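Novice: There's a structure below that I have some questions on.
Coordinate-derived values only; no laboratory data. These numbers come from a predicted model, not from an experiment.
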Amino acid sequence: MPYRFIFDLTVVPKRFFKELAIIIDSRSLHKKTGKILRDLVDKFKLSDLLGLEISDILVILEDLVDTYVKNLVYREEFVKTRRRALFLPHCARKYVDYRCRAEFDPRIPTYNCRRCSEDCQINQATRIAERLGYDVYVVPGGSCIPNIIDRFKYEGVVGVACGEEIKLASIFLEKNRIPAQAIPLLKNGCSATKFNLQALEKVLELNSEHRVSSGKVDFG
Ligand code: SF4
């Protein structure tokens, strides 16, 4: 279920995310979460910057905090995993019309990137992940993920998605004890959504020298 509003956090100064990360690392959130986040929103004038209601911004930030905290909680288990998959959202393709040369394989389902644009984040993320031995899926929706994990028996998962999709995926992953690391979308929408590629690369590299590829079945 996507958010009911469009956002673009790529316009927010990096200092904001640094302050947010420091607060989360200090584990001082707990009961004061609402007030701390509200103060940060005011300090960085996010309502003006993003053109969103404060209540909507708080929804995004609370989901960001949840994601960061869960990443910390599951990191230790995740680094021990060997058979890993990366799930990317199809909306992060540079184009979602005929200009995207990716071939859609409905049997998985996934879009197989044909690298038509160097500045497409799906192309960039796929290159990094495959070099590190990950199987990469560019999925049309989060509901496909449980089936893919079951079929190919992944031990660890990295996913890029909006906060709402991350929450839904975590229910399945936690129930099945599969440690995951999530990278939240910084800009949502129908196409060319954005995420932090450097943050993704750092997560993908976690203990990657001990990784083995699962040898994803090629249905093509
Ligand atoms: S680089 Fe890949 S995912 Fe991006 S638009 Fe081209 S074929 Fe599609």
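Novice: List the aspartates and glutamates whose alpha-carbon lies under 18 Å from that of Lys202, not counting same-chain residues fewer than 8 positions away?
Specialist: Asp25, Glu76, Glu77, Glu130, Asp135
Novice: Take the alpha-carbon positions of region 1-148, form their convex hull, and give its projected area averaged over all directions (one quarter of the hull surface) in nm².
Specialist: 10.9
Novice: Now for a separate question. Hydropathy at least 0.0 by Kyte-Doolittle, axial extent at least 27 angstrom from the Cα trace: which helices of the chain, defined as entire DSSP H runs, fit?
Specialist: 54-79
Novice: Which pairs in the list Lys14/Lys175; Lys35/Lys94; Lys43/Lys187; Lys43/Lys80 are over 32 Å apart, alpha-carbon to alpha-carbon?
Specialist: Over 32 Å Cα-Cα: Lys14/Lys175; Lys35/Lys94; Lys43/Lys80.
Novice: If you don't mind, there's one more thing I want to ask. For Cα pairs less than 8 Å apart in space and 6+ apart in sequence, what is the mean separation divided by the residue count of the chain, i.e. the relative contact order in percent?
Specialist: 27
Novice: Let me ask something additional. Divide by every residue of the chain the summed helix terms, -39500 (n - 2.57) for each DSSP H run of at least 4, and state the resulting mean residue ellipticity at 222 nm, rounded to the nearest 500 deg cm²/dmol.
Specialist: Rounded to the nearest 500, the figure is -13000 deg cm²/dmol.
Novice: Would you mind calculating the gained length between Glu77 and Asp39 on full extension (0.36 nm times residue separation, minus the Cα-Cα distance), in nm to one decimal?
Specialist: Contour length minus the Cα-Cα distance gives 10.3 nm.
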